[in-house]
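Structure first, then comments.
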Amino acid sequence: MTRYFATCARGLEPVLASELDALGAEAVEPGRGGVTFQGPPALLYRACLWLRTAVRVLRPVHEFEVHNSDELYDAVRSINWADWMTPDQTLAVDCNVRDSALTHSQYAARRVKDAICDQFRERVGRRPSVDPDQPMIGLNLHVSKNHAVLSLDSSWSSLHKRGYRPIQTIAPLNEALAAGLLLRAKWDKNTPLVDPMCGSGTFCVEGAWIALNRPPGLTRKWFAFQGWPDFDRTVWNAIRDDARAAVLKELPAPICGSDVRSDAISLAQMNARAAGVGHLLNLQKLELREARPPSDVPGTLVCNPPYGERIGEEEELIPLYARIGAVAKEFWPGWRLLVLTSNTMLAKKIRLKVVHKEPFFNGSLECFLWEFKTS
């Protein structure tokens with residue numbers, strides 16, 4: 001059994017742990033910003049393919065205490081890198097340091113790279129080349145309070161990058177967070193899902209993939225684990241083929257999105273088509289008060305309105321939040337209303353009964369997912 005660490009946005013650790021349990025992982029232990037687990041290589045492949053809330057899945061190679069760059073270099077040089085790669089493979093190192101004697105992430109990453117390349121040059125007379133975009137071997141160095149963990153990164157490019165959103169909007173909702181909020185809220189995929197302020201359509205697309213049993217990594221062309229020495233292509237192909245065969249063709253219940261901005265709807269439609277669900281979603285340009293339930297079966301109304309982070313914006317947003325509550329009460333009785341916001345004052349302007357609220361981080365910003373009762 002190999003030990004792994006899957007990272008996620010803070011607040012999503014319980015959801016990620018549940019996902020790993022469902023995949024058959026062992027020794028699942030939620031922590032701060034991620035979940036530790038164990039399993040064979042096949043489990044890692046399934047994790048990278050199926051996890052909706054993970055950002056990265058890391059395979060620790062070495063843990064050590066470090067107080068300066070020379071100690072870092074020596075610790076990395078002590079590893080027999082021939083066990084993990086060849087000098088003909090490309091390499092890249094990503095680094096994050098926090099509350100440590102090492103303070104410069106890029107310099108620390110360079111020292112790791114130098115230690116590996118120097119070892120190969122000394123032993124075999126040549127060294128790996130660096131490819132920061134798609135390395136055959138990607139490494140992650142995490143240093144916190146002088147404790148370092150050097151890991152293989154199984155995907156390199158973050159798992160939240162699903163490939164359907166090539167254009168980044170000004171304040172996009174992270175795909176992994178959107179999926180995690182729906183999972184944490186226990187949205188029933190057999191009931192409708194509507195986002196009346198859908199922006200680029202992330203809630204709608206992620207909801208559709210959940211309802212269709214479509215893994216978020218299914219159309220990804222490359223994972224970094226495919227360059228590892230123990231990569232089993234036969235097992236990986238079988239796992240991917242089984243997943244592809246299990247994807248549903250139709251949604252069990254309507255999923256709809258609307259927005260007052262025509263450019264937002266155009267972008268949402270483009271993203272939905274890129275995600276393979278454009279023909280299944282109902283995306284329209286509508287004012288908030290014009291949206292209506294798509295069926296007689298009550299479902300979930302979810303939105304991520306502006307938070308009012310800039311000076312002067314908060315007062316301007318009070319009417320919007322009040323309108324969210326009034327519209328939900330008038331036209332969506334019996335539906336669950338989920339609102340993600342960092343602003344408690346604005347959330348209270350919705351003026352509906354609060355069923356539950358739970359903290360999450362949208363990037364570095366602490367937010368709450370509020371659930372309101374509409375009737």
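The values are calculated or read from the model by the stated rules, or taken from the named source; none is laboratory data. This is a predicted model, so every value here is computed, not measured. Cβ placement follows ideal geometry from the backbone for every residue including glycine, while neighbour counts extend to all protein chains displayed.
Out of region 160-199, which residues are modelled with pLDDT under 95 and of a type in the set (S, T, N, Q)? Matches in region 160-199: Q168, T169, N174.
Within region 77-96, the set of residues being closer than 23 Å to D230 by Cβ and either in contact with a Phe, Trp or Tyr (Cβ under 9 Å, 6 or more places away or on another chain) or part of a strand (DSSP E or B) (or both) comprises S78, W81, A82, W84, M85, T86, P87, L91, A92, V93, D94.
When R46, R32 are checked against the criterion of being at pLDDT below 95, closer than 24 Å to G180 by Cα and among the basic types (K, R), R32 stands alone in meeting it. Checking V235, V302 one by one, the residue that is among the hydrophobic types (A, V, I, L, M, F, W, C), in contact with a Phe, Trp or Tyr (Cβ under 7 Å, 6 or more places away or on another chain), surrounded by fewer than 17 Cβ atoms within 10 Å (Cβ to Cβ) and not in a loop (DSSP other than H, G, I, E, B) is V235 and no other. Among the residues examined, L218 qualifies as aliphatic (A, V, I, L, M) and in contact (Cβ under 8 Å) with a residue 40 or more places away in the chain. Looking at this structure, is A211 surrounded by 15 or more Cβ atoms within 10 Å (Cβ to Cβ) and either among the small types (G, A, S) or modelled with pLDDT of 95 or more (or both)? Yes, satisfied. A268 fulfils the conditions (1) under 30 Å from R32 (Cβ atoms); (2) touching an Asp or Glu at 6+ places or on another chain (Cβ under 8 Å); (3) part of a helix (DSSP H, G or I) except for a single criterion, (1). The listed residues are Y307, Y321, and the only one of them that is at pLDDT 95 or above and among the hydroxyl-bearing types (S, T, Y) turns out to be Y321.
Among the conditions (1) touching a Lys or Arg at 6+ places or on another chain (Cβ under 8 Å); (2) closer than 18 Å to L51 by Cα; (3) modelled with pLDDT under 95, W222 misses just one, which is (1). Looking only at residues that are touching a residue at least 60 places away in the same chain (Cβ under 8 Å) and part of a loop (DSSP other than H, G, I, E, B) in region 31-69, which one is surrounded by the fewest Cβ atoms within 10 Å (Cβ to Cβ)? Looking at the filtered set, the residue picked out is H67. Being surrounded by fewer than 14 Cβ atoms within 10 Å (Cβ to Cβ) and of a type outside the set (A, V, I, L, M, F, W, C) holds for only one residue in D131, D114, D99, D118, and it is D99. Within region 1-30, being crowded, with 21+ Cβ neighbours inside 10 Å, over 19 Å from S157 (Cα atoms) and out of contact with any Pro (no Cβ under 6 Å at 6 or more places or on another chain) holds for L12, V15, E19, L20, A25. Of the residues screened, L218 is one that is assigned to a loop (DSSP other than H, G, I, E, B), over 14 Å from the mean Cα position of the chain (by Cα), surrounded by fewer than 23 Cβ atoms within 10 Å (Cβ to Cβ) and not β-branched (V, I, T).
Here is the figure for region 313-366: residues that are part of a loop (DSSP other than H, G, I, E, B) and under 19 Å from R184 (Cβ atoms) total 3.
Check region 300-307 and report whether any residue there is within 29 Å of A211 (Cα to Cα) and out of contact with any strand residue (DSSP E or B) (no Cβ under 8 Å at 6 or more places or on another chain). Within region 300-307 (the criterion being within 29 Å of A211 (Cα to Cα) and out of contact with any strand residue (DSSP E or B) (no Cβ under 8 Å at 6 or more places or on another chain)), the answer is yes, since at least one residue qualifies.
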